[in-house]
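Remarks on the structure that follows.
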There are 2 protein chains.
Amino acid sequence: MQLTEIRVAGFGGQGVILSAIVLGKAASIYQDGFATMTQNFGPEARGGACSAQLVLSDQPVLYPYVTSPDILVVMSQEAYAKFSPELRPGGLMLIEQDLVRVSSIPVGTRIYGIPATRIAEELGKRMVLNIVMTGFFGAVTGLLERDSLRKAIETSVPGAFREVNLKAYDRGFDYGLQHVKNGALSSSELEAELVRE
Amino acid sequence: MQLTEIRVAGFGGQGVILSAIVLGKAASIYQDGFATMTQNFGPEARGGACSAQLVLSDQPVLYPYVTSPDILVVMSQEAYAKFSPELRPGGLMLIEQDLVRVSSIPVGTRIYGIPATRIAEELGKRMVLNIVMTGFFGAVTGLLERDSLRKAIETSVPGAFREVNLKAYDRGFDYGLQHVKNGALSSSELEAELVRE
């Protein structure tokens, strides 16, 4: 596993941190990697923004801060506005497509969208949107094994919510596989998707 | 709020991370401070150890790593063995007293113990031991306001578990107030407590 810098961002209550913890656990506990997860709390957190910085590597991670992520996961418009400029050129952005309107796509950036909240609502539990997003992340990035992510989810959520979280994971992963097959959204396709809402 | 470095450590499943998140949120969202929380995942995590590094400050936190904590919260013997040597001289250690046997107390170190797991079990939910511990932390350190910690818990746990977590918090806080009144455990008192088990 090459050193990979990731930021997961959204608003409070979306489960941004759990999502980052699951990715870190999958890499380090269920695979052979190392990971750090850093959360900054500050005035911006009082506005409801929430973000986690994650570094995955096959070596111990010496510097846990992420300044120019390879992968950016955004679940709110505010998070998109704040963090999309810092995405590494050629980086990958995953968005909650009902909550984020993409204003421009820098050349070389790949963007994939998923209606994670809607899928979570179909499962009867809006709060699992973060795990839908995590499944989507797994399929699109191919960075972690499907099964290690699954185990990380199983051991990170309360027993009463395990089943719905695993369903959410599978739905997100399958949706992602579909999108990988179809390729990343181009600027025009994305607009078409956004207009369809 | 002076810059305070804290490590919370235990084994996986004890809710170490949630406990650190609650402290960070209380400082930053419900009070005027800043906080970072960093979690390292690595081979030691595969052994079940789990630790979070937390920095609280009235200024933005520039360096999130904790090398010599002012406060160490330990909920397992393994965590105690690993992290107690790094406690700052004159620092404060909070232990889950049924799970941690203290071998020696460096001069100037204050140690307070609470049977957090037993209290959590009395409430019918072993998994809230981390929140009992958080209440205890609040009372003993006086670092954060009782009400901001409470709000941080309310907004960090799933609705179905809110009530039992708030009860756990109050139980831990009240137990802590009692201990603060009685003063920190000395070496001999601690041994007496440990022998009583």
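What the table shows:
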| item | result |
| --- | --- |
| Closest approach to the B/A rotation axis among chain B Cβ atoms, residue and whole-Å value | B:THR38, 2 |
| For B:LEU177, inter-copy label distances in nm, listed shortest first [label point 7 Å out on the Cα-Cβ vector] | 5.6 |
| Other-copy label distances relative to A:GLY108, 7 angstrom Cα-Cβ extension, nm | 5.3 |
| Fraction of the pair-distance distribution of chain A above 29 Å, Cα-Cα pairs, percent | 15 percent |
| At 7 Å out from Cα toward Cβ: B:PRO158 inter-copy label distances (nm, ascending) | 0.6 |
| Fraction of alpha-carbon pairs over 15 Å apart in region A:29-79 - percent | 55 percent |
| Estimated FRET transfer efficiency (A:ALA160, A:SER104; beta-carbon r; R0 45 Å; 0.05) | 0.60 |
| Computed over chain A: relative contact order in percent, which uses C-alpha pairs under 8 Å that are six or more apart | 21 percent |
| Förster radius 25 Å - calculated FRET efficiency between B:ALA81 and A:ASP32 (Cβ-Cβ, nearest 0.05) | 0.50 |
| Dimensionless Rg/Rh of region B:1-111 - Kirkwood Rh, Rg from C-alpha atoms | 0.96 |
| Of the DSSP H helices in chain A, those whose Cα atoms cover at least 15 Å axially and whose Kyte score averages 0.0 or more | A:16-28, A:129-141 |
| Rounded if a/c under 1.5, otherwise prolate or oblate - the protein assembly as shown, Cα gyration tensor axes | prolate |
| Spin-label pair B:ASP147/B:LEU177, simplified geometry with 7 Å Cα→Cβ offset, distance in nm | 1.5 nm |
| D_trans [Stokes-Einstein, Kirkwood Rh over alpha-carbon pairs] for region A:106-154, 25 °C, 0.890 mPa s, µm² s⁻¹ | 207 µm²/s |
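Bear in mind that the values in this text are calculations on the coordinates, not laboratory data. Note that this is a predicted model, so its numbers are computed, not measured. Please note: Cβ atoms are built from the backbone with ideal geometry, for glycine as well, and neighbour counts cover all protein chains shown.
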